[in-house]
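Following: one structure in structure tokens, then a few remarks.
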Amino acid sequence: MRIAGLVLAAGRSLRMAPRNKLLEPIGGEKMVRRAAATALAGGATPVIVVTGHEAAAVADVLRGLDVTIVANPDYADGLSTSLRAGLQALPQGIDGALILLGDMPEVETSVLAALMAAFTSGSAICVPVRHGRRGNPVLWGSAYFAEMMQLTGDSGAKPLMARHATHLIEIEVATDSIFEDVDAPEDLARLKRSGATS
């Protein structure tokens, strides 16, 4: 099974302004680089990083990583446009895509490995779960790519989960990292207190 990684890293960091949260250091690495490196280490191939806000600066910190960078000119129109840009950049023959968020730097490779191990076909949707709560990243089978391309606004593919609930595979994981995104300064401060940020 060929599973690609899509790292969505185009957001404007409105709640962190004027700082771009994706360029903040987490554990000695810029946040977006850490997310992309996790996708690579987890075995996704190819890994595509979708940029938008401060695209040149984001691309610069990814230098040296074996990733494909795709600029989304419509990033201000919301997350769905980045998802679409990433899907359009996928090569032929991809069975599934791991959708990773650039502002979730604590996700571990073990989570990605568990999702990929549970992925059985292009019609599967694999989602990590902790104590009954679903998190990210989500591994989407290629059967849903066309529907994902039709999404609009600032939401991801979550609405499709309810529509295709019978194909959903929940994988219990032993980490809260699937919930830990960095949206606001207090989120970054929490990571600093935990010792993750340098």
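Throughout, read-outs are computed from the coordinates displayed, never taken from laboratory work. This structure is a prediction, so every number in the text was calculated from the model and none was measured. Backbone-built Cβ (ideal geometry, glycine too); neighbour counts: all protein chains shown.
Quick one: which of 24-31, 63-70, 79-86 comes out on top by average Cβ neighbours within 10 Å, and what's the full order, highest first?
79-86, 24-31, 63-70
For the chain, take the longest principal axis of its alpha carbons; what is the angle in degrees between that and the long axis of helix 185-194, to the nearest 10 within 0 to 90?
Rounded to the nearest ten degrees, it is 90.
Treat every Asp and Glu Cβ in the chain as -1 and every Lys and Arg Cβ as +1, leave all other atoms uncharged, and give the resulting dipole magnitude about the Cα centre to the nearest 20 debye.
Rounded to the nearest 20 debye, it is 80 debye.
Hey, what's the per residue convex hull volume over the C-alpha atoms of region 75-175, in cubic angstrom? If you can, show how the numbers build up before the last one.
On the way: hull volume 10.6 nm³, N = 101.
Measuring per residue, one finds 105 Å³ for the Cα hull of region 75-175.
Pop a pseudo-label 7 angstrom from the Cα along the beta-carbon direction at both Ala146 and Arg19 and give the gap in nm to one decimal.
Going by the 7 Å Cα→Cβ label model, 4.5 nm.
Quickly rank 4-11, 99-106 as a protection proxy: mean count of other C-beta atoms within 10 Å, highest first.
Peptide ranking by packing, descending: 4-11, 99-106.
Would you work out which of Pro91, Val61, Gly42 lies farthest towards the positive end of the dipole of region 34-104, given +1 charges on the beta-carbon of Lys and Arg and -1 on that of Asp and Glu, about the Cα centre?
Gly42
Per the helix-only calculation at 222 nm, which mean residue ellipticity applies to the chain, given -39500 (n - 2.57) for every DSSP H run of n ≥ 4 and division by its residues, nearest 500 deg cm²/dmol? Display every interim value, and only then the final one.
Details: 7 runs with 58 residues, N = 198.
That comes out to -8000 deg cm²/dmol.
Fully extended, how many nm does the chain gain between Thr109 and Asp60 (0.36 nm per residue separation, minus their Cα-Cα distance)? Numbers along the way, then the final one.
Working: separation 49, 0.36 × 49 = 17.64 nm, distance 2.34 nm.
Between Thr109 and Asp60, full extension yields 15.3 nm more.
Do you know the relative contact order of the chain, to the nearest whole percent, from alpha carbon pairs under 8 angstrom that are 6+ apart?
Relative contact order for the chain comes out at 26 percent.
First obtain the Kirkwood hydrodynamic radius of region 3-186 from its Cα pairs, then insert it into the Stokes-Einstein equation at 37 °C and 0.692 mPa s, and state the resulting D in µm² per second as a whole number.
The diffusion coefficient I find is 203 µm²/s.
Expected output is a single nm value to one decimal: the length gained when fully extending between Thr175 and Glu29, i.e. 0.36 nm times separation in residues minus the C-alpha distance. What is it?
Contour length minus the Cα-Cα distance gives 50.5 nm.
Counting only residues 5 or more places away or on other chains, whose amide H sits under 5 Å from the amide H of Ile48 once H atoms are built in the peptide plane?
Amide H neighbours of Ile48: Gly5, Leu6, Val7, Thr68.
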